[in-house]
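Novice: Okay, handing you the structure first.
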Amino acid sequence: MITLENVSKTYGSGPQAVHALKPTDLHVAQGEIYGVIGLSGAGKSTLIRCVNLLERPTTGRVVVDGQELTSLGRQALNHARHRIGMIFQHFNLLSSRTVFDNVALPLELMGVAKREIRERVQPLLDLTGLSDKHDKYPAELSGGQKQRVAIARALASRPKVLLCDEATSALDPQTTQSILDLLKDINRKLGLTILLITHEMEVVKSICHKVGLISAGKLVEEADVGDFFTSP
Ligand code: ADP
Ligand code: ADP
(Lines give C-alpha, C1' and ligand atoms only; values in the text may rest on other atoms or scores of the structure.)
(Ligands and ions follow the chains in the order given, each with its own letter.)
Protein backbone atom coordinates (compact mmCIF):
# COMPACT_ATOMS: atom_id res chain seq x y z
CA MET A 1 0.00 0.00 0.00
CA ILE A 2 2.95 2.28 0.76
CA THR A 3 6.30 1.88 -1.00
CA LEU A 4 9.32 4.10 -0.59
CA GLU A 5 12.15 3.38 -3.02
CA ASN A 6 15.51 4.98 -2.42
CA VAL A 7 13.82 7.93 -0.71
CA SER A 8 16.18 10.42 0.89
CA LYS A 9 15.87 13.94 2.22
CA THR A 10 18.65 16.47 2.58
CA TYR A 11 17.88 19.86 4.11
CA GLY A 12 20.04 22.71 2.85
CA SER A 13 23.18 22.24 0.76
CA GLY A 14 26.96 22.50 0.86
CA PRO A 15 28.67 22.34 4.22
CA GLN A 16 25.36 23.23 5.92
CA ALA A 17 23.54 20.20 4.46
CA VAL A 18 21.66 17.94 6.89
CA HIS A 19 21.14 14.40 5.60
CA ALA A 20 17.97 13.84 7.63
CA LEU A 21 16.98 10.71 5.73
CA LYS A 22 19.54 8.54 3.92
CA PRO A 23 18.32 6.52 0.91
CA THR A 24 15.57 4.35 2.33
CA ASP A 25 13.36 1.52 1.08
CA LEU A 26 10.17 0.81 2.99
CA HIS A 27 7.13 -1.27 2.23
CA VAL A 28 3.88 -1.26 4.20
CA ALA A 29 1.38 -3.93 3.15
CA GLN A 30 -2.35 -3.30 2.86
CA GLY A 31 -4.06 -3.51 6.25
CA GLU A 32 -0.79 -3.44 8.16
CA ILE A 33 0.05 -1.23 11.14
CA TYR A 34 3.70 -0.33 10.71
CA GLY A 35 5.60 1.58 13.39
CA VAL A 36 8.83 3.46 12.84
CA ILE A 37 10.66 3.95 16.11
CA GLY A 38 13.78 5.94 16.88
CA LEU A 39 15.31 8.60 19.06
CA SER A 40 14.64 12.30 18.68
CA GLY A 41 16.42 13.61 15.58
CA ALA A 42 16.67 10.16 13.97
CA GLY A 43 14.61 11.20 10.95
CA LYS A 44 11.17 9.77 11.80
CA SER A 45 9.25 12.93 11.11
CA THR A 46 11.11 13.52 7.86
CA LEU A 47 10.33 9.98 6.74
CA ILE A 48 6.60 10.13 7.42
CA ARG A 49 6.31 13.61 5.86
CA CYS A 50 7.91 12.25 2.70
CA VAL A 51 5.04 9.74 2.33
CA ASN A 52 2.44 12.39 1.49
CA LEU A 53 5.06 14.78 0.18
CA LEU A 54 4.62 17.34 2.96
CA GLU A 55 8.39 17.16 2.44
CA ARG A 56 9.52 16.73 -1.13
CA PRO A 57 12.10 13.88 -1.12
CA THR A 58 15.54 14.78 -2.46
CA THR A 59 15.75 11.40 -4.22
CA GLY A 60 13.55 8.39 -4.76
CA ARG A 61 10.02 7.32 -5.50
CA VAL A 62 6.93 7.27 -3.27
CA VAL A 63 4.07 4.99 -4.31
CA VAL A 64 0.79 4.94 -2.36
CA ASP A 65 -2.13 2.73 -3.33
CA GLY A 66 -0.51 2.00 -6.68
CA GLN A 67 0.04 5.63 -7.58
CA GLU A 68 3.48 7.20 -7.82
CA LEU A 69 3.12 10.48 -5.94
CA THR A 70 6.60 11.75 -6.72
CA SER A 71 5.75 12.13 -10.40
CA LEU A 72 2.46 14.00 -9.96
CA GLY A 73 1.78 17.66 -10.61
CA ARG A 74 0.24 19.86 -7.94
CA GLN A 75 -3.41 19.27 -8.76
CA ALA A 76 -3.08 15.52 -9.17
CA LEU A 77 -1.10 15.37 -5.93
CA ASN A 78 -3.82 17.24 -4.04
CA HIS A 79 -6.31 14.74 -5.34
CA ALA A 80 -4.11 11.76 -4.43
CA ARG A 81 -3.74 13.14 -0.90
CA HIS A 82 -7.43 12.42 -0.28
CA ARG A 83 -6.33 8.80 -0.03
CA ILE A 84 -3.89 9.66 2.76
CA GLY A 85 -5.07 10.91 6.15
CA MET A 86 -2.66 12.33 8.68
CA ILE A 87 -2.75 13.10 12.40
CA PHE A 88 -0.22 15.00 14.48
CA GLN A 89 1.13 15.25 18.00
CA HIS A 90 -0.56 18.61 18.60
CA PHE A 91 -3.82 17.75 16.80
CA ASN A 92 -3.79 20.83 14.49
CA LEU A 93 -7.50 21.58 14.90
CA LEU A 94 -9.02 24.93 13.96
CA SER A 95 -9.97 26.63 17.22
CA SER A 96 -12.70 28.78 15.63
CA ARG A 97 -14.58 25.74 14.32
CA THR A 98 -16.75 23.29 16.23
CA VAL A 99 -16.00 19.58 16.32
CA PHE A 100 -18.48 19.00 13.48
CA ASP A 101 -17.01 21.79 11.36
CA ASN A 102 -13.45 20.59 11.92
CA VAL A 103 -14.36 17.13 10.69
CA ALA A 104 -16.36 18.59 7.78
CA LEU A 105 -13.51 20.82 6.62
CA PRO A 106 -11.76 18.41 4.23
CA LEU A 107 -15.13 17.60 2.65
CA GLU A 108 -15.93 21.29 2.21
CA LEU A 109 -12.57 21.74 0.51
CA MET A 110 -13.35 18.79 -1.77
CA GLY A 111 -16.63 20.48 -2.75
CA VAL A 112 -18.88 17.82 -1.23
CA ALA A 113 -22.51 18.98 -0.93
CA LYS A 114 -23.76 20.10 2.50
CA ARG A 115 -26.23 17.28 2.85
CA GLU A 116 -23.68 14.62 1.98
CA ILE A 117 -21.28 16.24 4.44
CA ARG A 118 -23.85 15.79 7.22
CA GLU A 119 -24.37 12.18 6.21
CA ARG A 120 -20.66 11.46 6.24
CA VAL A 121 -19.58 13.37 9.35
CA GLN A 122 -22.10 11.90 11.79
CA PRO A 123 -20.89 8.27 11.43
CA LEU A 124 -17.31 9.48 11.91
CA LEU A 125 -18.29 11.18 15.16
CA ASP A 126 -19.99 7.96 16.24
CA LEU A 127 -16.96 5.87 15.31
CA THR A 128 -14.59 8.09 17.26
CA GLY A 129 -16.86 8.39 20.30
CA LEU A 130 -17.68 12.06 19.80
CA SER A 131 -21.41 11.90 19.14
CA ASP A 132 -22.19 14.21 22.06
CA LYS A 133 -19.38 16.70 21.21
CA HIS A 134 -20.73 17.92 17.87
CA ASP A 135 -21.01 21.60 18.80
CA LYS A 136 -18.06 21.87 21.18
CA TYR A 137 -15.01 23.94 20.32
CA PRO A 138 -11.50 22.42 20.61
CA ALA A 139 -10.77 24.49 23.75
CA GLU A 140 -13.64 22.69 25.49
CA LEU A 141 -12.15 19.24 24.88
CA SER A 142 -9.54 17.13 26.62
CA GLY A 143 -6.39 16.13 24.71
CA GLY A 144 -7.76 12.69 23.98
CA GLN A 145 -10.97 14.14 22.62
CA LYS A 146 -9.04 16.58 20.42
CA GLN A 147 -7.08 13.70 18.94
CA ARG A 148 -10.36 11.88 18.29
CA VAL A 149 -11.57 14.91 16.34
CA ALA A 150 -8.33 14.91 14.37
CA ILE A 151 -8.79 11.20 13.61
CA ALA A 152 -12.38 11.75 12.46
CA ARG A 153 -11.20 14.62 10.25
CA ALA A 154 -8.41 12.48 8.80
CA LEU A 155 -10.95 9.79 7.92
CA ALA A 156 -13.43 12.18 6.29
CA SER A 157 -12.01 11.84 2.79
CA ARG A 158 -12.16 8.02 3.13
CA PRO A 159 -8.41 7.47 2.92
CA LYS A 160 -6.71 4.13 2.37
CA VAL A 161 -3.76 5.12 4.52
CA LEU A 162 -3.44 6.91 7.84
CA LEU A 163 -0.16 8.57 8.81
CA CYS A 164 0.33 9.17 12.53
CA ASP A 165 3.08 11.61 13.53
CA GLU A 166 3.70 11.03 17.26
CA ALA A 167 -0.08 10.96 17.67
CA THR A 168 -0.06 10.01 21.35
CA SER A 169 3.09 11.80 22.52
CA ALA A 170 1.16 14.69 24.07
CA LEU A 171 -1.24 12.40 25.95
CA ASP A 172 -1.13 10.71 29.34
CA PRO A 173 -0.74 6.90 29.42
CA GLN A 174 -4.44 6.15 29.90
CA THR A 175 -5.55 8.47 27.12
CA THR A 176 -2.75 7.11 24.93
CA GLN A 177 -4.17 3.62 25.34
CA SER A 178 -7.67 4.75 24.41
CA ILE A 179 -6.39 6.43 21.24
CA LEU A 180 -4.32 3.34 20.35
CA ASP A 181 -7.43 1.19 20.86
CA LEU A 182 -9.34 3.49 18.52
CA LEU A 183 -6.60 3.21 15.87
CA LYS A 184 -6.66 -0.58 16.21
CA ASP A 185 -10.42 -0.51 15.81
CA ILE A 186 -10.18 1.63 12.68
CA ASN A 187 -7.52 -0.66 11.24
CA ARG A 188 -9.77 -3.65 11.79
CA LYS A 189 -13.14 -2.16 10.85
CA LEU A 190 -12.07 -0.07 7.87
CA GLY A 191 -9.05 -2.12 6.78
CA LEU A 192 -7.03 1.07 6.90
CA THR A 193 -3.26 0.78 6.50
CA ILE A 194 -1.47 2.72 9.23
CA LEU A 195 2.07 4.07 9.26
CA LEU A 196 3.05 5.68 12.54
CA ILE A 197 6.17 7.16 14.03
CA THR A 198 6.91 7.14 17.72
CA HIS A 199 9.73 7.25 20.23
CA GLU A 200 7.78 4.99 22.59
CA MET A 201 8.29 1.21 22.58
CA GLU A 202 4.92 0.77 24.30
CA VAL A 203 3.10 2.21 21.30
CA VAL A 204 4.80 -0.26 18.97
CA LYS A 205 4.14 -3.16 21.33
CA SER A 206 0.53 -2.21 21.75
CA ILE A 207 -0.67 -1.90 18.16
CA CYS A 208 1.96 -2.47 15.48
CA HIS A 209 2.29 -5.57 13.34
CA LYS A 210 5.67 -4.55 12.02
CA VAL A 211 8.39 -2.24 13.28
CA GLY A 212 11.29 -0.42 11.68
CA LEU A 213 14.10 1.06 13.73
CA ILE A 214 15.54 4.31 12.41
CA SER A 215 18.85 5.71 13.56
CA ALA A 216 20.76 8.69 12.15
CA GLY A 217 18.53 8.80 9.06
CA LYS A 218 18.84 5.10 8.29
CA LEU A 219 16.33 2.29 8.68
CA VAL A 220 18.72 -0.05 10.46
CA GLU A 221 16.40 -2.92 11.38
CA GLU A 222 12.97 -4.20 10.48
CA ALA A 223 10.97 -7.02 12.07
CA ASP A 224 7.56 -8.44 12.86
CA VAL A 225 6.64 -7.04 16.25
CA GLY A 226 6.30 -10.55 17.72
CA ASP A 227 9.93 -11.31 16.80
CA PHE A 228 11.24 -7.88 17.73
CA PHE A 229 10.14 -8.29 21.33
CA THR A 230 10.99 -11.97 21.78
CA SER A 231 12.85 -12.18 25.04
CA PRO A 232 15.97 -14.36 25.24
P1 ADP B 1 12.72 12.91 14.39
O2 ADP B 1 11.33 13.03 13.87
O3 ADP B 1 13.18 11.48 14.46
O4 ADP B 1 12.93 13.63 15.69
P5 ADP B 1 13.42 14.69 12.21
O6 ADP B 1 13.02 14.02 10.96
O7 ADP B 1 12.54 15.76 12.75
O8 ADP B 1 13.71 13.58 13.33
O9 ADP B 1 14.86 15.32 12.03
C10 ADP B 1 15.95 14.60 11.45
C11 ADP B 1 17.14 15.56 11.29
O12 ADP B 1 16.81 16.55 10.32
C13 ADP B 1 17.49 16.32 12.56
O14 ADP B 1 18.90 16.48 12.59
C15 ADP B 1 16.79 17.64 12.36
O16 ADP B 1 17.45 18.65 13.08
C17 ADP B 1 16.92 17.85 10.86
N18 ADP B 1 15.82 18.66 10.30
C19 ADP B 1 14.50 18.38 10.36
N20 ADP B 1 13.78 19.30 9.71
C21 ADP B 1 14.67 20.20 9.22
C22 ADP B 1 14.56 21.41 8.44
N23 ADP B 1 13.37 21.85 8.02
N24 ADP B 1 15.70 22.04 8.12
C25 ADP B 1 16.90 21.58 8.53
N26 ADP B 1 17.08 20.47 9.25
C27 ADP B 1 15.98 19.78 9.59
P1 ADP C 1 -10.15 12.65 29.52
O2 ADP C 1 -11.24 11.76 30.02
O3 ADP C 1 -9.93 12.56 28.04
O4 ADP C 1 -8.88 12.59 30.30
P5 ADP C 1 -10.57 15.17 30.94
O6 ADP C 1 -10.47 14.46 32.24
O7 ADP C 1 -9.50 16.13 30.55
O8 ADP C 1 -10.74 14.14 29.72
O9 ADP C 1 -11.96 15.90 30.81
C10 ADP C 1 -13.14 15.31 31.32
C11 ADP C 1 -14.34 16.03 30.75
O12 ADP C 1 -14.25 17.43 30.97
C13 ADP C 1 -14.47 15.82 29.26
O14 ADP C 1 -15.75 15.30 28.96
C15 ADP C 1 -14.31 17.19 28.63
O16 ADP C 1 -15.29 17.41 27.65
C17 ADP C 1 -14.47 18.14 29.76
N18 ADP C 1 -13.46 19.21 29.64
C19 ADP C 1 -12.12 19.07 29.64
N20 ADP C 1 -11.49 20.26 29.51
C21 ADP C 1 -12.48 21.17 29.41
C22 ADP C 1 -12.51 22.61 29.25
N23 ADP C 1 -11.36 23.32 29.14
N24 ADP C 1 -13.70 23.22 29.18
C25 ADP C 1 -14.83 22.52 29.28
N26 ADP C 1 -14.88 21.17 29.43
C27 ADP C 1 -13.73 20.52 29.51
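The values are calculated or read from the model by the stated rules, or taken from the named source; none is laboratory data. What you see is a predicted model; the values in this text were computed from it and never measured. With ideal geometry, Cβ positions are generated from the backbone for all residues, glycine too; neighbour counts draw on all protein chains shown. What goes into the accessible areas is simple: the full protein's heavy atoms, side chains included, and nothing from ligands, DNA or RNA. Shrake-Rupley method; radii C 1.70, N 1.55, O 1.52, S 1.80 Å.
Novice: Please state the shape class of segment 109-209: rounded when a/c is under 1.5, otherwise prolate if a/b exceeds b/c and oblate if not, all from the C-alpha gyration tensor.
Specialist: oblate
Novice: To continue, here is another question. With point charges of +1 on the Cβ of Lys and Arg and -1 on the Cβ of Asp and Glu, referenced to the Cα centre of the chain, which listed residue (G226, L162, V121) lies farthest in the positive direction of the dipole?
Specialist: Result: V121.
Novice: Rounded, prolate or oblate: which one fits segment 39-108, using the alpha carbon gyration tensor with axes a ≥ b ≥ c (rounded when a/c is under 1.5, else prolate when a/b beats b/c, else oblate)?
Specialist: Here segment 39-108 falls in the oblate category.
Novice: Mean separation of Cα pairs under 8 Å and 6+ residues apart, divided by the residue count of the chain: what relative contact order is that in percent?
Specialist: For the chain, the relative contact order is 29 percent.
Novice: Next question. Just how far, in whole angstrom, is segment 158-230 from segment 51-127 if you go by their alpha carbon centroids?
Specialist: Segment 51-127 and segment 158-230 have Cα centres spaced 20 Å from each other.
Novice: Heavy atoms only, 1.4 Å probe, whole protein assembly: order K189, K218, K114 by accessible area, highest first.
Specialist: Solvent-accessible surface, decreasing: K114, K189, K218.
Novice: Helix-only mean residue ellipticity at 222 nm, the chain, DSSP H runs n ≥ 4 weighted -39,500 (n - 2.57), per residue, nearest 500. What is it?
Specialist: About -10500 deg cm²/dmol.
Novice: Calculate, in nm to one decimal, what K189 and A216 gain on full extension: separation in residues at 0.36 nm each, minus their alpha carbon distance. Please list the in-between numbers first.
Specialist: Numbers: separation 27, 0.36 × 27 = 9.72 nm, distance 3.56 nm.
Residue separation times 0.36 nm, minus the Cα-Cα distance, leaves 6.2 nm.
Novice: If you build the convex hull over the alpha carbons only and average its shadow over all orientations, what do you get for the chain? Give it in nm² to one decimal.
Specialist: One quarter of the hull surface, i.e. the mean projection, equals 13.6 nm².
Novice: Which value, in Å², gives the accessible area per residue of segment 88-232 when a 1.4 Å probe is used on the protein heavy atoms?
Specialist: 49
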